[in-house]
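Here's the structure, in structure tokens; my notes come after.
The values are calculated or read from the model by the stated rules, or taken from the named source; none is laboratory data. The model shown is predicted, which means the values in this text are computed figures rather than measured ones. When we count neighbours, we look across all protein chains shown, and the Cβ atoms used for this are built from the backbone with ideal geometry, even at glycine.
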Amino acid sequence: MEIRHPSFVTPEFIHVLRCYEIALVCADTATPARAKSARAGEPESVSWPRLMDVTADFVYCRLHGSEQLYASGYDGKSLDEWAARVAAWARGSDAPGGEFASREPAPRRAGRDVYVYFDNDAKVRAPADAEGLIERGPSAARAAIACGELAVARTQRIVNSALIRVELVQGPILHS
């Protein structure tokens, strides 16, 4: 479930999602604090909550753009931070330095599937960002990264003994 209003940022909401094993989407958007000025006709910043509470046996992230909604890419520092989060989730832990609605940590697991979807494709940034995240190689991650609306060739890589497959096709394709 991807939330877009701060009224969902409550421990009670996280508790209900965990009870029914409904995944909370960790959505990264261009918040006003990080946003650059949008040009005429380009998407602007939004203030959707970015929560990292794990509520299911997998994690799903939607990266909408770091500075401009659906248009801006992610720099090396941002990709390093996302790689650390993906690696922690894949090991069954919570994300380091994340924003949480609940003080109760997610149940510890041996591992989790992690799905990261870059849809910052208005400026065709999603494929490069996905490659950048893969190059950072989250250890023991069984992560799948699907990228945007751009049809290009399939790429496969072995990263730290984990096969991470990226399919850059029409729409989100998620595999591990």
Quick check on segment 105-142: of everything there that is assigned to a loop (DSSP other than H, G, I, E, B) and among the hydrophobic types (A, V, I, L, M, F, W, C), which residue is modelled with the lowest pLDDT? Ala140
Considering each of Ala27, Ala23 in turn, give the residue that is in contact with a strand residue (DSSP E or B) (Cβ under 6 Å, 6 or more places away or on another chain) and at pLDDT 95 or above. Ala23
Working only within segment 79-104, note down all residues that are part of a loop (DSSP other than H, G, I, E, B) and either under 14 Å from the mean Cα position of the chain (by Cα) or without any contact (Cβ under 8 Å) to a residue 24 or more places away in the chain (or both). Gly92, Ser93, Asp94, Ala95, Pro96, Gly97, Gly98, Glu99
Just to be sure I understand, how many residues within segment 81-123 are touching a Cys at 6+ places or on another chain (Cβ under 7 Å) and within 13 Å of Leu51 (Cβ to Cβ)? 0
